[in-house]
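Structure, as structure tokens:
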Amino acid sequence: MRPSREEVEELLRKGKRIDGRGLLDPRPISMEVGVVERAEGSAIVSMGKTRVLCVVRGPMECVPSHLADPERAILDVAYRMATFSTEERKSPSPSRREIELSKVIREALEPAIFLEEYPRMMIRVYCLVLQADGGTRTASINAASLALAYAGIQMQDLVASVAVGYYDGKILVDLNAAEDDLCADIPMAMMPAHNKITLLQADHIFPVDRIDEIIKVGVMTMRRIYELQRDALKKKYVEVAKSVG
Ligand code: ADP
């Protein structure tokens, strides 16, 4: 059962969270790569109850061919929520939100990929939300960057992502859906090794003079997520090395 708005509000005013976390604690995060054998790359990422499967196909011939760019690969991202991912059945037809989030996720990933290494080709990224509880775009970006790396796509860095929230003077990290309904939501993504932000969005109202602090808290969390991404890749590489050697 989802907590009521009033319950979440009352706790947040006291600086507490519905799931008992500290304001600056992300939800428990788990990551696994190479979960779909048929695909070149895949990863599954959980951030609390939010769970996203990402599959990468390619680089492959660009279809339709008139979209092919002689200078670089086309990155095609499809973000979808499974019909069973929400409490009430989600309609299977792609919503405006899903189309918009596909673009947002693509733009957060593109700076990290050496697309010019794959002229006339297409790289397909499918993000399927298995369970939605806030932060599905950030979990998708974390999963997609892992799946791209595992597919052997040339990248200058991984992309790590988290949403930072603001409510009643307080900054909080990695919002769940109940908090997302209430707080200002600032999803962001970065290339941690290059110290560059690739996504910064803001939804709702928060004071301008807190933006530096909000970004700082986000960056600190994304660096932690980056370590988990690296660990997940290393774990799989060790497994693969053992199985062939
Ligand atoms: P994000 O998941 O990146 O935070 P939104 O802010 O658009 O993206 O959505 C917040 C949360 O609202 C989602 O994670 C999900 O839990 C919930 N949500 C979004 N769309 C739907 C939907 N069609 N049906 C039920 N819940 C939804």
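The numbers here are math on the coordinates, done by the rules we state, and not lab data. Computed from a predicted model, the values in this text were never measured in an experiment.
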Checklist line | With eigenvalues of the C-alpha gyration tensor scaled by 5 and rooted, region 91-245, Å | finding: 28, 18, 16
Next item on the list: Nearest 5 is fine: what % of DSSP beta bridges in region 1-156 come out antiparallel, could you say?
Entry: 75
Next item on the list: Return the single residue from Ile171, Ile186, Ile105 with maximal mean-square fluctuation; model: Gaussian network over the chain, springs between Cα atoms under 10 Å.
Entry: Ile171
Margin query: Using a Gaussian network model on the chain with a 10 Å cutoff between Cα atoms, which of Cys62, Cys183, Cys127 fluctuates the most?
Written below: Cys62
Item checked: region 132-171: C-alpha gyration tensor shape, a/c 1.5 cut-off, then a/b vs b/c -> oblate
Item checked: Cα gyration tensor shape of region 18-95, rounded if a/c is under 1.5, else prolate or oblate by comparing a/b with b/c -> prolate
Notebook entry, point to check: So for region 58-149, Kirkwood radius off the Cα pairs, Stokes-Einstein at 20 °C and 1.002 mPa s: how many µm² s⁻¹?
Noted result: 154
Check: Using alpha-carbon positions, what is the distance between the centroids of region 169-245 and region 48-96, in Å?
Finding: 21
Checklist line | Kirkwood Rh and Cα Rg combined as Rg over Rh, evaluated for region 33-75 | finding: 1.14
